[in-house]
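Coordinate-derived values only; no laboratory data. For clarity, every value in this text was computed on a predicted model and none was experimentally measured. Methodologically, a virtual Cβ is constructed for each residue, glycine included, from the backbone with ideal geometry; neighbour enumeration extends over all protein chains shown.
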Amino acid sequence: MNWKMCSVNTAAFVLCLGVVCTGAQIQVPADYPTIQVAIEAAADGDAIIVAPGLYVENVETIQERAVILTSEDPTDPDTVAQTIIDGNGVKPCVTVPYGGEAVIAGFTITNGSSLMGLGGINCLGGHATVVNNMILSNLAGGVYATGATVIQNMIADNQMYGGVVSLYSAVVTDNIVAGNVSLVYTGGIDVVGASNHITGNVVSCNKGANGGGIGCSSAESLITDNTIIGNESYLGAGIWCRWGGPVIADNLIADNKAYLSDTETKASGGGIACEDSSPTIIGNVIVRNEAQWGGGIFCTGSSSKPTIMNNLIAGNKAAVMGGAIALREGAAPSFAANTMVYNRSKQYGGGVVAVKSQASLVDCILWGNSAPTGPELVLANTAEVTVKHCNIAGGQSAAFLTEGCTLAWGAGNIDADPLFVDTGRWDDAGTPGDASDDVFILGDYRLLPGSPCIDAGTNDVDNPATPDVEALPDMDLAGIARIIDGDLDGTATIDIGAYEYLPGDVNYDGKVNILDLISVRNSLGKDAASDPAARRCDVNNDGAVNVLDIIVVRNQLK
């Protein structure tokens, strides 16, 4: 796959470096003709500074010795592009052996091979800080390491073992990881063991066996603030979780595809797949992903008890079941305060499908999802689902149940238009008779004044299947504090869905101030039913924008 041809915009690559050299500085080729000879001559703590040029070498650092290996200017893209370590298709370009320690900064690292070692950079047993490199077109993966720190690199077009594989305690931050392929692991970033931090990366157009973008087989790990787009895999095209319980928070997970196969279980979890794992999935935007089962999220296995909270899951597609969510084989997730809207399935359950599994849904919106059978909710093969304080289109009667299933319809459920700021839409791409090429145009799923979801939830989201879940997050998906007294009745109750309504915030910038008063003033006398701006300014929801709305906003000024 050529990441440069991918339609996803991966944004600019920003270079910076903060490495302090405490030892001597050795110049290559001025002092020594090759990098390897310079390494062998270096003492612990020395810096080896490499001039631009092509170095066809398989560099290996020394056990029990720390070195800094750097180009002349790791912050200059031209210098990085012109300072090349070529592994000649024989071994890794750079190897840090057991007990060794190295900073590797400012190189183009390419053509490492799997004949004798894995990765363009191989660090199994040693410790490497890999920063500001272009790690490109290696035949055995980009970085293969234990406990590596990988920061602000371009890692692209690496084959066989993907972009980054780390066996434990990895820090993978602010990289562009694109167009990598793994025949064994995850295409983009694959981490195993505890205490991994995967943060702030752009992970796009990767292809893997299990996991397209990010794979995590670990507990006590963080996958946060990443942009995960356009990846492919049989299972977990965006993120694949196997065992453990990482935190998956504040990511954009979009346009990933668990591509189709003859075996339905090998095309599941377009956005996220949880296989016998119990991650905390919170505050993510999961949109326009595709799979056979679970366009947005797929969970399977009796050990899968994830907490899925405060996410937007919209415009995803399933070819078989569960446009938004598909649950199988003993999975027992807890859902709280999610907005799951306008997802599609070609057969069953545009929203949530539970097959031989359990689920608890609290404070969730299921609206506008579509499927020939059970557009919002499907239970099959002894599934048990509890629903309370949710807004579900069609209500209980619209749920589809097969024999032996149990739907516990609790208190506080409603069936009423949520009144979103913008519902979004499916674009037929000029072929109205062919839904397969339809593309979802994302809307704005914050709540308008008067929404029936305002203060209609419950603050108690405890689920016996997941006893660790006792409280909702402090912030909503837009960064507004939860819980707010949205209907101004003196009692603060959570809103249904992923967004909390802030009374008086008519421009939806997360605060009430003079700008909101100006917006109301400019909409005075306008028809709230036909003018979107006026509808947002009709704070008291009486159908008109007038002085009463100004009074409400004034009283909410901070």
Among [x] 36; [y] 41; [z] 50, the value of percent of Cα pairs over 36 Å apart computed for this structure carries the label [y]
From fewest to most C-beta neighbours within 10 Å, the residues Ile550, Ile494, Ile239 line up as Ile550, Ile494, Ile239
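Order by neighbour count: Asp46, Asp225, fewest other Cβ atoms within 10 Å first, most last.
So the ranking, lowest neighbour count to highest, is Asp225, Asp46.
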Square roots of five times the C-alpha gyration tensor eigenvalues of the stretch 503-558, ordered largest first and given in whole Å, equal 17, 11, 9
Going from the fewest other Cβ atoms within 10 Å to the most, one would list Ile484, Ile441 as Ile441, Ile484
Under the Karplus relation with 6.51, -1.76 and 1.60 and θ = phi - 60°, whole-Hz ³J(HN,Hα) for the stretch 85-93, x at Gly and Pro, equal 9, 10, x, 6, x, 10, 9, x, 5
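Take peptides 247-254, 64-71 and line them up by average Cβ neighbours within 10 Å, highest first, as a rough protection proxy. Can you show the working numbers first?
Working: 247-254: 23.6, 64-71: 21.8.
Descending mean neighbour count gives 247-254, 64-71.
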If amide H atoms are modeled at 1.01 Å from N in the peptide plane, then the residues at a separation of 5 or more from Phe440, or on another chain, having amide H under 5 Å from its own are Asp427
Sorted by chain and number, the residues with a modelled amide H under 5 Å from that of Met160, at a separation of 5 or more or across chains, are Val181, Leu183
Computed over the stretch 1-192, the convex hull of the Cα set has an average projected area, in nm², of 9.6 nm²
Under 5 Å from the placed amide H of Arg446, counting only residues 5+ away or on other chains, we find Val421, Asp422
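If contacts are Cα pairs under 8 angstrom and at least 6 residues apart, what is the relative contact order of the chain in percent? The partial results should precede the final answer.
Numbers: 1992 pairs, mean separation 31.4, N = 558.
Once normalised by length, the contact order is 6 percent.
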Karplus-derived 3J(HN,Hα) from phi for the stretch 57-63 (6.51 cos²θ - 1.76 cosθ + 1.60, θ = phi - 60°), whole Hz, x at Gly and Pro, runs 8, 10, 7, 9, 7, 9, 4
Karplus-derived 3J(HN,Hα) from phi for the stretch 228-243 (6.51 cos²θ - 1.76 cosθ + 1.60, θ = phi - 60°), whole Hz, x at Gly and Pro, runs 10, 9, x, 8, 9, 6, 5, 9, x, 5, x, 9, 10, 10, 10, 6
